[in-house]
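*Asks:* Attaching a single structure in structure tokens format; questions to follow.
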Amino acid sequence: MHQPVMLKEVVSSLNLKRDDIVLDATIGGGGHAKEILKRIAPNGRLIGIDQDEAALKIVESEIESYHGSFKLVHDNFKNLDKILSAERIKYLDAILFDLGISTYQIEDSRRGFSIKYGGRLDMRMDPRANITAYDIVNRYSERSLSDIIERFGEERFHSRIARFIIGARSKKPIETSEELSSIIHKAVGYRYRKTRIDPATRTFQAIRIAVNDELASLEDGLKKAVSWLKAGARICVISFHSLEDRIVKGLFKSYSNLGVLKIVTKKPLRPSPAEIATNPRSRSGKLRVAERIE
Ligand SMILES: C[S@@+](CC[C@H](N)C(=O)[O-])C[C@H]1O[C@@H](n2cnc3c(N)ncnc32)[C@H](O)[C@@H]1O
């Protein structure tokens, strides 16, 4: 089960009312969507986007009792202009982005997202996409690998990890998450021995971001989303690492300087200790909320 992060905080921050038209740009397992639908159905509408078709199949059965009040779309949220226009939506009363990957994706070893669950190196959120983690790990130059691991993983030891990857793949292709993880452990395990973080975490994050072009989609999707909010409508974004949060914070700030958005959360909201205890994956979540001014 994917447990929705900061559910209460999100639902109250969205200021939902009956009949609202809401966009859930990352509907995933539908945990947030169900609570949204409870508050806006039967005459409100929820548009739910996810680039992972498998997620949409799960969510469809989760929210089927709200049949007629929602529309699910298999696409990247960077295409939300096209999606909302096709649905003849004129404006939105609330928008949610809950970034990253879901528990379903992490725990599905066929997707190769996780150090713990292993699997063939893939990491595509949208299985129709062309580039996989396998391609990046086995085909990119040492320089490109090192850049990706530095930029998207903020990994200090990026050059050494890239060098070890090149060395390993010159003997045989690196096929699985387990193999990649063990190469990274050999490269920098000793540097991480005094920390609780797995030495492969940052590199896995970096490769996943590169495979899915996550930061460019986020910037594009958020900018488009703001233009659909009607006056007084709210946008909530949950991010899970500093690169995402920096983009959200920066965009909210520039829209606030332009007089388009009012920032509701001066500091991001964080999950409570009780939530972290029951759902450890929530621990890095940060919720930022803004409201359209005019
Ligand atoms: C953390 S999960 C969302 C969980 C959901 N809020 C819930 O309560 O079940 C993030 C979801 O966003 C999707 N996703 C991530 N980036 C996306 C993008 N650029 N466009 C569309 N979907 C995206 C992922 O496939 C994943 O299913």
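Each value in this text was obtained by applying a stated rule to the coordinates, not by laboratory testing. Everything numeric in this text was worked out from a predicted model, so none of it was measured. Neighbour counts are summed over all protein chains in view; Cβ atoms, including those assigned to glycine, are modelled from backbone coordinates with ideal geometry.
*Asks:* Run the quick spin-label model on V260 and T195: label points 7 Å from Cα toward the beta carbon, then report their separation in nm to one decimal.
*Replies:* 3.5 nm
*Asks:* Let me ask something else about it. Tally Lys/Arg at +1 and Asp/Glu at -1 over every other residue whose Cβ is under 15 Å from the Cβ of S239; what's the total? Please list the in-between numbers first.
*Replies:* Numbers: positive: R208, R246, K249, K253, K267, R270, R281, R283, K286, R288; negative: E9, D98, E154, E214, E219, E244, D245.
Summing Lys and Arg as +1 and Asp and Glu as -1 gives +3.
*Asks:* Separate question: Residue-wise, which Karplus ³J(HN,Hα) couplings in Hz belong to segment 159-170, taking 6.51 cos²θ - 1.76 cosθ + 1.60, θ = phi - 60°, and x for glycine or proline?
*Replies:* 5, 5, 5, 4, 4, 5, 5, 4, x, 5, 6, 6
*Asks:* Which residue, R143, R191, R160, has the most motion in a Gaussian network model of the chain that connects Cα atoms within less than 10 Å?
*Replies:* R191
*Asks:* Find which of V188, F204, I247 sits farthest along the positive direction of the dipole of segment 169-247, computed with +1 on the beta-carbon of Lys and Arg, -1 on that of Asp and Glu, about the Cα centre.
*Replies:* V188
*Asks:* Computed over the Cα atoms, what is the radius of gyration of segment 109-212 divided by 2.2 N^0.38 Å, N being its residue count?
*Replies:* The reported ratio for this selection is 0.96.
*Asks:* Kindly count the pairs of lysines across segment 91-248 whose alpha carbons are less than 29 Å apart, treating pairs on different chains or eight or more residues apart as eligible.
*Replies:* Working: K116/K171; K116/K172; K116/K186; K116/K194; K171/K186; K172/K186; K186/K194.
Eligible lysine pairs with Cα atoms under 29 Å apart amount to 7.
*Asks:* Say the dipole of the chain comes from +1 at the beta carbon of Lys and Arg and -1 at that of Asp and Glu; which of G31, S159, L258 then lies farthest toward its positive end?
*Replies:* It is S159.
*Asks:* Using the crude model of +1 on Lys and Arg Cβ and -1 on Asp and Glu Cβ, and no other charge, please compute the dipole size for segment 110-154 relative to its Cα centre, in debye to 20.
*Replies:* On the way: 9 positive and 7 negative charges, 64 e Å.
In debye, rounded to 20, segment 110-154 gives about 300.
*Asks:* Whole-Hz ³J(HN,Hα) for each residue in segment 209-217, computed from phi via Karplus 6.51 cos²θ - 1.76 cosθ + 1.60 with θ = phi - 60°, x for glycine and proline: what do you get?
*Replies:* Here the 3J(HN,Hα) series is 5, 5, 4, 9, 6, 5, 6, 5, 5 Hz.
*Asks:* Another one. I need the fraction of alpha carbon pairs in segment 122-280 separated by more than 22 Å, rounded to a whole percent.
*Replies:* Tail of the P(r) past 22 Å holds 53 percent of the pairs.
*Asks:* Can you compute the helix-only [θ] at 222 nm over the chain? Use -39500 (n - 2.57) per DSSP H run of at least 4 residues, normalise by all residues, nearest 500 deg cm²/dmol.
*Replies:* On the way: 13 runs with 129 residues, N = 294.
Here the helix-only value at 222 nm equals -13000 deg cm²/dmol.
*Asks:* Mind computing the radius of gyration and Dmax over the alpha-carbon atoms of segment 255-294? Å is fine for both.
*Replies:* 13.8, 40
*Asks:* Considering Cα pairs under 8 angstrom that are at least six residues apart, work out the relative contact order of the chain and quote it in whole percent.
*Replies:* Details: 520 pairs, mean separation 54.7, N = 294.
Once divided by the residue count of the chain, the mean separation gives 19 percent.
*Asks:* If you project the alpha carbons of the chain onto their three principal axes, what span does each projection cover, largest first, in Å?
*Replies:* 60, 40, 38
*Asks:* Explain nothing, just the number: dipole magnitude of segment 128-278 about its Cα centre with +1 on each Lys and Arg Cβ and -1 on each Asp and Glu Cβ, in debye rounded to the nearest 20.
*Replies:* Numbers: 28 positive and 17 negative charges, 102 e Å.
Roughly 480 debye for segment 128-278.
*Asks:* When we measure straight from the Cα of K57, which lysines land under 19 angstrom away, once same-chain ones fewer than 8 places off are left out?
*Replies:* Result set, ordered by chain and number: K34, K71.
*Asks:* What dipole magnitude, in Debye to the nearest 20, does segment 109-212 give about its Cα centre under +1 on Lys/Arg Cβ and -1 on Asp/Glu Cβ?
*Replies:* Here the size comes out at about 280 debye.
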